[in-house]
Amino acid sequence: MADEKETCKNSACGCPPQDGKYCGASCEGVGDTVQIDCDCGHPECSGNF
Ligand SMILES: [Zn+2]
Ligand SMILES: [Zn+2]
């Protein structure tokens, strides 16, 4: 039982995933690269500086 909140697979991103993994094409393009900020553009994103 995993009760942790679903978030985007981009570790810098805190958005809910739209397709099961990533919140959008921007994060999907990040792939396995570890980023310290997120460029997904969602105003509610906790990783977007
Ligand atoms: Zn994001
Ligand atoms: Zn994302």
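Observations, loosely collected:
- Packing, taken as the mean count of other beta carbons within 10 Å per residue, orders the peptides 10-22, 35-47 from highest to lowest as 10-22, 35-47.
- Distance (nanometres) between label positions extended 7 Å along Cα→Cβ at residue 6 and residue 35: 2.1 nm
Since every read-out is calculated from the coordinates, none of them should be taken as a lab result. Just so it is clear, the model here is predicted, and its values are computed rather than measured. Positions of Cβ are generated from backbone atoms using ideal geometry, with glycine treated the same way; all protein chains shown enter the neighbour counts.
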